[in-house]
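Chemist: One structure, pasted below without further comment.
The values are calculated or read from the model by the stated rules, or taken from the named source; none is laboratory data. The model shown is predicted, which means the values in this text are computed figures rather than measured ones. Heads up, the Cβs are rebuilt from the backbone with ideal geometry, glycines too, and the neighbour counts pull from every protein chain shown. Please note that ligands, DNA and RNA were not included when accessible areas were found on the heavy atoms of the full protein model with its side chains. Shrake-Rupley method; radii C 1.70, N 1.55, O 1.52, S 1.80 Å.
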Amino acid sequence: MTRQRALIVDDEPDIRELLELTLGRMEIDTLSAPDLATARELLEQHRFDVCLTDMRLPDGSGLELVQLIQERYVRTPVAMITAYGNVESAVQALKAGAFDFVSKPVELEALRNLINTALRLSSQPTRDRRSRNQLLGDSQAMRSTRSTIAKLARSQAPVYISGESGTGKELVARLIHDKGPRAERAFVPVNCGAIPAELMESEFFGHKKGSFTGAVADKEGLFQAASGGTLFLDEVAELPMHMQVKLLRAIQEKAVRPVGTQKEVPVDVRILSATHKQLGTLVEQSSFRQDLYYRINVIQLIVPSLRERSEDIPLLAEHILAKLAHNYGDKPPTLSAAAMQALQQYAFPGNVRELENILERAMTLCEGDTITESDLQLPNARQDHSETETAGADLEDYLGSKEKEAILQALKKTRYNKTAAAKLLGISFRALRYRLSKLGID
């Protein structure tokens, strides 16, 4: 089997020797260049599986080499060697198309992790990786989004995924993970707004037994759980300021310190983050750290709203109805022409998530196999998105409690005969079954 080959570009002989020895122990052949000119010649003469280049070279910048490899040797991942603590250089390199970066003095474990990930990437087949997840839509907006995802999957750059609630930001994050070299490792999603502030440090970085009241055993943190894979920080805008500082350090140093310990633990994770809020505005208001913003927002991917791609609604609706029907063991209903037109004209402040909820409700209300416009129960007035969501949530909670009460009474009266209970309530058996499932009634 042919050994893999790396190109090392650095004007310091000691650095070149260290990298050659480290990669040699990993059974990787190496060729070295002290400057850009020599690197260009070697790239023309040989095929490389990975390239490591210093930022500052005698005859130019390592960024020039990154750009050359991006243009002419796209199958070769390139990582930048940057000065310690020079975040700006690292961000520049990632934006130029570098796969990743490593800081001087070179930490060997971090280097080996980087090389192993890069080699998995360079050995991936050129065909698109089949994913468990789907991002449906034939609109230009969705074709562009899928194309961007494929490019981002080949990088280790932090990606900030922005978009309205319900657009599918976590699905996008999962696709970036699934199509990249970390696909066989863990994808760990965390809702930053759902962790109590006093437990955040322990949740993210882990803790040692006895480090605080209730710490009855050593615990692995989210960073360690995602090591080798991807950590997805959903609703990252909800992080309190003290955690923003600690998160920034963990990302920059590629290491975490569990609560109750003095020693940092190296971690190899790719950071993806998302929020429906405007992070730039929060930075201006001093409620989100600017340095963390620039560190997680190396590349931004905006997920389009459903309003921007209404031509995708028929395909999405068909897919959602088929999935719902499969879950309930039914034949999927069809949408009448008027119902489809109403959906395509609706603003969808809740995006794809709202479309799913509307169709799930309509499927239980429709008589027969066709969903009519009235079954959709679309709101007539268009309210402010946040007001709509808040008012809708309050109303849904209230109606849910009343509905549960009525169903339980009907079941008691009919001695838990569901067919009889449905008749008593004046709804179809399918509708009752759906409501029982939705309300968590066995």
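Chemist: Please state the equivalent ellipsoid semi-axes for segment 312-351: what are the square roots of 5 times the Cα gyration tensor eigenvalues, largest first, in whole Å?
Modeler: Square roots of five times the eigenvalues give 20, 12, 7 Å.
Chemist: Using each residue's phi in segment 140-152, evaluate 6.51 cos²θ - 1.76 cosθ + 1.60 at θ = phi - 60° and report the 3J(HN,Hα) Karplus result to the nearest Hz, with x for Gly and Pro.
Modeler: So the J values, rounded to whole Hz, are 4, 4, 6, 4, 5, 5, 5, 5, 5, 4, 4, 5, 5.
Chemist: Test of understanding: express the Cα radius of gyration of segment 291-385 as a ratio to 2.2 N^0.38 Å, with N the residue count.
Modeler: 1.30
Chemist: Relative contact order for the chain using alpha-carbon pairs under 8 Å, separation at least 6, rounded to a whole percent?
Modeler: 11
Chemist: Ordering K263, K208 by how much accessible area each has at a 1.4 Å probe, largest first, what is the list?
Modeler: K263, K208
Chemist: Compare F204, F99, F212 in a GNM of the chain, Cα atoms joined below 10 Å, and give the one with the largest fluctuation.
Modeler: F212
Chemist: On the protein heavy atoms, probe 1.4 angstrom, tell me the percent of accessible surface of the chain carried by carbon and sulfur.
Modeler: Summing carbon and sulfur atoms, their accessible area is 48 percent of the total for the chain.
Chemist: Then there's this: Can you give the Rg to Rh ratio for segment 173-233, taking only C-alpha atoms and Rh from Kirkwood?
Modeler: Radius of gyration over Kirkwood radius for segment 173-233 works out to 1.07.
Chemist: Another question, then. Could you state the orientation-averaged shadow area of the convex hull built on the Cα atoms of segment 28-147, in nm² to one decimal?
Modeler: 9.4
Chemist: Taking the radius of gyration and the Kirkwood hydrodynamic radius from Cα positions alone, what is the Rg/Rh ratio for segment 132-225, to two decimal places?
Modeler: Ratio value, two decimals: 1.09.
Chemist: Along the charge dipole of segment 137-294, which of L175, L282, V188 sits closest to the positive end, that is, farthest toward it, with unit charges on the beta carbon of Lys, Arg, Asp and Glu (+1, +1, -1, -1)?
Modeler: After comparing all options, I get L175.
Chemist: Mean 1/r over all different Cα pairs, inverted: what Kirkwood radius does segment 1-93 give, in Å?
Modeler: 13.3
Chemist: For segment 265-377, what is the accessible area per residue in Å², given a 1.4 Å probe and the full set of protein chains?
Modeler: 47
Chemist: A follow-up question, please. Between E71 and T148, 0.36 nm times their residue separation minus their Cα-Cα distance comes to what?
Modeler: Gain on stretching E71 to T148: 26.1 nm.
Chemist: Under a 5 Å amide H to amide H cut-off, with H placed in plane at 1.01 Å, what residues pair with L301 once short-range neighbours are removed?
Modeler: For L301, the qualifying residues are Y160, I161, S162.
Chemist: In degrees, nearest 10, range 0 to 90: what is the angle between the Cα axis of helix 36-45 and the longest Cα principal axis of the chain?
Modeler: The helix 36-45 is inclined about 70 degrees to the chain.
Chemist: Determine Rg/Rh for the chain; Rg is computed over alpha-carbon atoms and Rh is the Kirkwood hydrodynamic estimate from the same atoms.
Modeler: Taking Rg over the Kirkwood Rh, I get 1.06.
Chemist: Tell me the mean residue ellipticity at 222 nm calculated for the chain from its helices only (DSSP H runs of n ≥ 4, each -39500 (n - 2.57), averaged over every residue, nearest 500).
Modeler: After summing the helix terms and dividing by residue count, I get -14500 deg cm²/dmol.
Chemist: Next up: Using 1/(1 + (r/R0)^6) with R0 = 25 angstrom and r between the beta carbons of R249 and A186, what's the FRET efficiency to the nearest 0.05?
Modeler: 0.70
Chemist: Further, regarding this structure: Averaged per residue, what accessible surface does segment 56-205 expose to a 1.4 Å probe, in Å²?
Modeler: Value for segment 56-205: 45 Å² per residue.
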